[in-house]
Amino acid sequence: MVGDFRKEPTILLNFISPIGFLKLAPKKIIHLVAAARPNFMKIAPLYHALKKESWAKPLIVHTGQHYDLNMSDAFFRDLNLPMPHIHLDVGSGTHAEQTGGVMITYEKVLMETKPDLVIVVGDVNSTVACTLAAIKLGIKVAHLEAGLRSFDRTMAEEINRIVTDSIADYLWTPSPDADENLIREGIAPEKIAMVGNIMIDSIVMITPAIRKATAQEELGLADKTYGVVTLHRPSNVDSPEVLAKLCHALVSVSEQNSIIFPVHPRTAKNLREFGLYDLLNDASGVILTDPLGYKAFMSLIFGCKFVITDSGGIQEETTYLKIPCLTLRPNTERPLTVTQGTNKLSLPERIEADLTEVMQRDVKNPPLYWDGKAAARIVEFTKAIFTEKNKL
Ligand code: UD1
């Protein structure tokens, strides 16, 4: 499960301490925790940036929440990440099974590897599980993408965000609204730093590869106008009635423009169980595929006319790329995507009208610090933690 990193020859390095003395210190072991598909693009730029620092030893911890090849391995390949240094192999289960399983397994790893800092990202079950395990052992935790709030406590992710932010030591936020949420919840301002949106770093990093990707040709979309669809939230895909409404709306949309729909495992299972798979599969304008890797998926996004989704990250990616996006949710923890003009919250019965409206909007330039330089800022904050400047 875990290599013995402490037994590797201690690498000594020089760095200038805040008081100006030249010090010798062992490399700082930093765990980067990733669990599920949206996490991999958040740790990748940070791993590459920390790897270049002589004082840092970043180790990737994969909890195994997502384990299928196309939900996990494809992302490691596309993002040029090494195999995870530590794999917890926890897999699927109920929320308590998954959260508890990660806590129990990660606690053992923490006691064995004794990292100097744990960095968790996003809002999945593993984010809160690893935070709880580390904090209780007195190990410092930084939460990247802190402060987002949908104000909808029926979402597992909202609970994960609130708990993680209330106990983590360092809260690294993507935008000013996140800082405001944390301050309103009584978090000490010195814990909070706006570092920007790390997802944009991943897009910038992968853009040259995307330009060479062939997914559009392979899917017969090269000379078509098309939209991209993704759906996986329990509120959309776990109820037969809601999923049926969505499928009928998507078939209607596909009569005007082709749609490409890479289907998440949860959604695929339910489409089959509810007898809805053939409705989509038989529609001439709908292309269903297995989930795609990051490069193939983003190349489809780069070339599409619109997106229909319930994902968090895709709302941000489309804002950065100025692509019209309908989000099939009653709320969003990413309100900037709406105020920038690219994103509109929608419902199955309003999809066609909302799509027409959102495609006619003027959109603003991407928000401050959504600039591909978040990882560099985080490296500076991390360095400051170890040079006492930012120690809590
Ligand atoms: C999880 C996250 C969600 C994130 C999403 C991205 C939580 C609470 N939810 O939701 O925030 O937006 O990932 O996809 O952490 N499965 C597979 N193969 C896999 C992974 C899952 O077949 O590699 C199937 C299993 O049947 C599993 C189901 O998908 O029970 C749901 O997976 P799970 O990780 O529990 O939640 P997601 O819906 O993927």
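Read-outs: derived from the displayed coordinates by stated rules, not from any lab. These figures come from a predicted structure and were not determined experimentally. Cβ placement follows ideal geometry from the backbone for every residue including glycine, while neighbour counts extend to all protein chains displayed.
Numbers for the structure displayed
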{"item": "Charge dipole of the chain about the Cα centre (unit charges at C-beta), most positive-ward option of 102, 168, 239", "result": "168"}
{"item": "Amide H within-cut-off set for residue 230, under 5 Å, with H built and near neighbours excluded", "result": "308, 309, 310"}
{"item": "Estimated vicinal HN-Hα couplings, Hz - the stretch 80-93 in sequence order (Karplus 6.51, -1.76, 1.60; Gly, Pro = x)", "result": "6, 8, x, 4, x, 6, 9, 10, 8, 6, 7, x, 7, x"}
{"item": "Exposure proxy ranking, count of Cβ atoms within 10 Å, fewest first, for 47, 67", "result": "67, 47"}
{"item": "q = 0.10, 0.19 Å⁻¹, the stretch 205-310: log10 I(q)/I(0) [Debye, one scatterer per Cα]", "result": "-0.27, -0.92"}
{"item": "Debye equation applied to the C-alpha atoms of the stretch 96-251, log10 I(q)/I(0) at 0.14, 0.19 Å⁻¹", "result": "-0.90, -1.14"}
{"item": "Two-decimal Rg to Rh for the chain - Kirkwood Rh, Cα set", "result": "0.98"}
{"item": "Cα-centre dipole for the stretch 284-361 with unit charges at Cβ (Lys and Arg positive, Asp and Glu negative), debye to 20", "result": "220"}
{"item": "Per-selection metrics, the stretch 21-144 (Cα): Rg and Dmax in Å", "result": "14.1, 52"}
{"item": "Under 12 Å from the Cα of residue 108 - aspartates and glutamates, other chains or at least 8 residues apart", "result": "none"}
{"item": "Residues 325, 247, 130 arranged by fewest to most Cβ contacts within 10 Å", "result": "247, 325, 130"}
{"item": "Estimated FRET transfer efficiency when R0 is 22 angstrom, pair residue 153-residue 68 (beta carbons, to 0.05)", "result": "0.15"}
{"item": "Cβ-based exposure ranking for 172, 370, in which fewest neighbours within 10 Å come first", "result": "370, 172"}
{"item": "Total charge dipole magnitude, the stretch 150-204, about the Cα centre, Cβ charges on Lys, Arg, Asp, Glu only, Debye to nearest 20", "result": "60"}
{"item": "Per-residue HN-Hα couplings for the stretch 257-267 [Karplus 6.51, -1.76, 1.60; θ = phi - 60°; Hz; x = Gly/Pro]", "result": "9, 4, 10, 10, 10, x, 9, 5, x, 4, 5"}
{"item": "222 nm mean residue ellipticity, helices alone, for the chain (DSSP H n ≥ 4; -39,500 (n - 2.57); rounded to 500)", "result": "-13000 deg cm²/dmol"}
{"item": "Total charge dipole magnitude, the stretch 68-221, about the Cα centre, Cβ charges on Lys, Arg, Asp, Glu only, Debye to nearest 20", "result": "280"}
{"item": "Sequence-distant residues sharing a close amide H with residue 283 (under 5 Å, placed H)", "result": "none"}
{"item": "Other-chain or far-sequence residues with amide H under 5 Å of residue 121's (modelled H)", "result": "33, 144"}
{"item": "Extended-chain gain in nm, criterion 0.36 nm per residue less alpha-carbon gap, residue 357 and residue 339", "result": "5.0 nm"}
{"item": "5 Å binning of all Cα-Cα separations within the stretch 250-372, expressed as whole percents from 0 upward", "result": "2, 10, 19, 23, 22, 14, 6, 2, 1, 0"}
{"item": "Under Karplus coefficients 6.51, -1.76 and 1.60, residue-wise ³J(HN,Hα) of the stretch 136-142 in Hz, glycine/proline x", "result": "5, 9, x, 8, 5, 10, 10"}
